[in-house]
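These notes are about the structure you will find just below.
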Amino acid sequence: MKRVFTATMLFTVLATLSIGVCAQSASRDDVLKAIAAKRAELQQLEDQFLSPAEQDRAAYKELLSQPDTGLIRLLPREVYESEVYKKNQKTLTIRGGGAYYSFATLTHEYGYGSDLELSSGYLSVGFAGADYGMLIDLGEVSLDEITSDYPGARSLADYAAAKDESQARAEHRQIQAGRILDGATFQSRLPVKIGSTFLVRSINYDYTDVLVAFRVARKDIDGSVIIAWKLLKRFPKPELVRTVQAAN
């Protein structure tokens, strides 16, 4: 009788544990679904936060009716990404804090062929590995005037991207100091100027290579800037011969 009672108790305990495990699994699945739902909701809010105002869209309505054009907001990296990480006060989930944009993949998410960054009042190009690029400030020129044959744009369009890593890194260093092409000086980092039109050639190895004209339309109270842009040329995917480190 004692053995029967013990076996019955053991069966009851195991059944209870099994039910508990199933309940816990179901509960964790529900939590995961809730997280996915919240992320989708948060994504919508972040998209709204990153969107230019309706007045901006109205101002560039004609440009936006053309192919390969767009209107974006860049957030200052020091406000929404780097500093908030230091203080553990992150508010945006998007990688890069909305400070980056890819004109090729049309995303603010850092790491997907990012072409432009806003940080501490400067615009930059070339962020990871051997990736690099060039910027030039054309001044207060209408985007309508800019084509791939425009002075400066033609120089960037004719520029041949580096093919091996050592050359790419050397080009990056030279551009940081000021790279002269056809008498014009190009750099990898320039100060933001409201009303100015810029050219950028951005080379992201194994991803994208684009030439874009963009205009800084205005600056918002939080330091973010509204940028109108148009794609001038898309180049073939750039490939790089990587430097192989010798084994010790």
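The values are calculated or read from the model by the stated rules, or taken from the named source; none is laboratory data. Note that the structure is a prediction, hence the values are computed from the model and not measured. FYI the Cβ positions are ideal-geometry reconstructions off the backbone, even for glycines, and counts take in every protein chain you see. Calculation scope for accessible area: heavy atoms of the full protein, side chains included, ligands and nucleic acids excluded. Shrake-Rupley method; radii C 1.70, N 1.55, O 1.52, S 1.80 Å.
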Fill in: The lone exception for THR107 - which of (1) closer than 19 Å to THR208 by Cα; (2) in contact (Cβ under 8 Å) with a residue 60 or more places away in the chain it fails
(2)
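Can you pull out the residues in the range 116-139 that are part of a loop (DSSP other than H, G, I, E, B), open to solvent by less than 10 Å² (accessible area, probe 1.4 Å) and either over 14 Å from GLN187 (Cα atoms) or among the basic types (Lys, Arg) (or both)? Before the answer, list the steps.
Restricting attention to the range 116-139, the residues satisfying the condition of being part of a loop (DSSP other than H, G, I, E, B) are 120-121, 125-131.
From what is left, the residues that are open to solvent by less than 10 Å² (accessible area, probe 1.4 Å) are 125, 130.
Matches in the range 116-139: ALA130 only.
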Fill in: Selected residue (criterion: most open to solvent (accessible area, probe 1.4 Å)) from residues of the range 91-109 that are under 15 Å from GLN43 (Cα atoms) and not β-branched (Val, Ile, Thr)
ARG95
Worksheet item: Restricting the search to the range 156-176, which residues are closer than 14 Å to PHE235 by Cα and either of a type in the set (A, V, I, L, M, F, W, C) or assigned to a helix (DSSP H, G or I) (or both)?
Response: LEU156, ALA157, ASP158, ALA160, ALA161, ALA162
Practice prompt. May I ask you to list the residues in the range 65-81 that are at pLDDT below 95 and either in contact with a helix residue (DSSP H, G or I) (Cβ under 8 Å, 6 or more places away or on another chain) or aromatic (Phe, Trp, Tyr) (or both)?
Written response: TYR80
Fill in: Residues within the range 216-238 that are in contact with a strand residue (DSSP E or B) (Cβ under 9 Å, 6 or more places away or on another chain), under 20 Å from LEU74 (Cα atoms) and either surrounded by 23 or more Cβ atoms within 10 Å (Cβ to Cβ) or among the aliphatic types (A, V, I, L, M) (or both), tallied
8
Response to the item:
Note on GLY183: of the conditions (1) in contact (Cβ under 8 Å) with a residue 40 or more places away in the chain; (2) open to solvent by 20 Å² or more (accessible area, probe 1.4 Å), unmet is (1)
Worksheet item: Quick one: in the range 190-215, which of the residues that are among the basic types (Lys, Arg) and either open to solvent by less than 10 Å² (accessible area, probe 1.4 Å) or touching a residue at least 60 places away in the same chain (Cβ under 8 Å) (or both) is nearest to ALA130 (Cα to Cα)?
Response: ARG201
Item to complete: Considering only the range 28-86, state which residues are closer than 20 Å to ASP144 by Cβ and in a loop (DSSP other than H, G, I, E, B).
Response: PRO52, TYR60, SER65, GLN66, PRO67, ASP68
